[in-house]
Amino acid sequence: MRHWSMVFRGWVPRGVALAASVLLLAGCSGGPATSPLSQADRVSIRTELLDARWQSVTDQYPEALRPRLSIAPTVPDHDWPAAVIVCLHRLGFVAVQSGGGVEYRNGRGKTPLEYAVALYTCEGSHPAESAVAARLGPRQSASLYGYYLNVVRPCLLLAGAPSPASPDRSAVESLAGLAGWNPYQVIWTSGVPASRLDYLERRCPPVPAWLDLGSG
């Protein structure tokens with residue numbers, strides 16, 4: 001078989017709660033006047049990601065016809081396999097999550113070429129956060145780190161959810177240098193009920209709006 005992959009409640013100190021409230025209000029006021037990602041940046045990153053994915057298709061099937069895609073909001077890595085699987089199901093393919101990726105099970109009579117194009121469609125239209133973050137410049141990476149540290153983590157603590165402390169920003173230059181740190185990492189690995197996770201992700205969005213490649 002072939003593989004393709006690419007409720008917490010607790011006491012929160014009053015000071016933390018007040019600080020988080022201020023930060024959350026600031027985050028809801030519209031954020032920075034200038035987005036860390038310009039429209040040109042979005043186009044460049046989107047093009048790089050899609051071209052790389054399409055190249056993997058044409059390496060096997062030079063005759064494949066490239067579809068036009070509508071780009072959905074950038075997806076946290078934890079949620080990315082499920083988003084791709086739902087998309088594949090809609091296109092008539094059976095796939096399951098396996099090892100942080102997507103495992104093909106059945107094409108329901110469709111050809112391997114059709115699956116390759118469908119996988120490109122589903123992966124390309126749902127960009128993973130780490131794939132986007134890997135293409136950020138130092139200033140943009142710092143903005144993403146600041147969002148994690150000053151908005152997401154205080155929000156989670158205020159909601160009574162656990163969130164690990166961050167590493168020293170001065171010791172890293174990019175998201176990869178954070179050794180995988182994310183305010184959500186304890187929640188994502190602790191078997192939180194889906195309803196609770198959905199609530200937390202809506203209340204404390206794990207990905208900033210400016211990281212969406214489809215936005216203006």
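Listing for the model above:
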read-out: Largest to smallest accessible area among Leu65, Leu50, Leu91, Leu37 [probe 1.4 Å]; value: Leu65, Leu91, Leu50, Leu37
read-out: Arg203, Arg196, ranked by accessible area, largest first (probe 1.4 Å); value: Arg203, Arg196
read-out: Ratio of the Cα radius of gyration of segment 39-132 to 2.2 N^0.38 Å, where N counts its residues; value: 1.06
read-out: Added length on full extension, which subtracts the Cα-Cα distance from 0.36 nm per residue, Thr58 to Arg196; value: 45.6 nm
read-out: For segment 66-216, accessible area per residue (1.4 Å probe, heavy atoms of protein chains only), Å²; value: 44 Å²
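The values are calculated or read from the model by the stated rules, or taken from the named source; none is laboratory data. From a predicted model like this one, the values you see are computed outputs, not experimental measurements. Heads up: the accessible areas ignore ligands, DNA and RNA and are worked out on the full protein's heavy atoms, side chains in. Shrake-Rupley method; radii C 1.70, N 1.55, O 1.52, S 1.80 Å.
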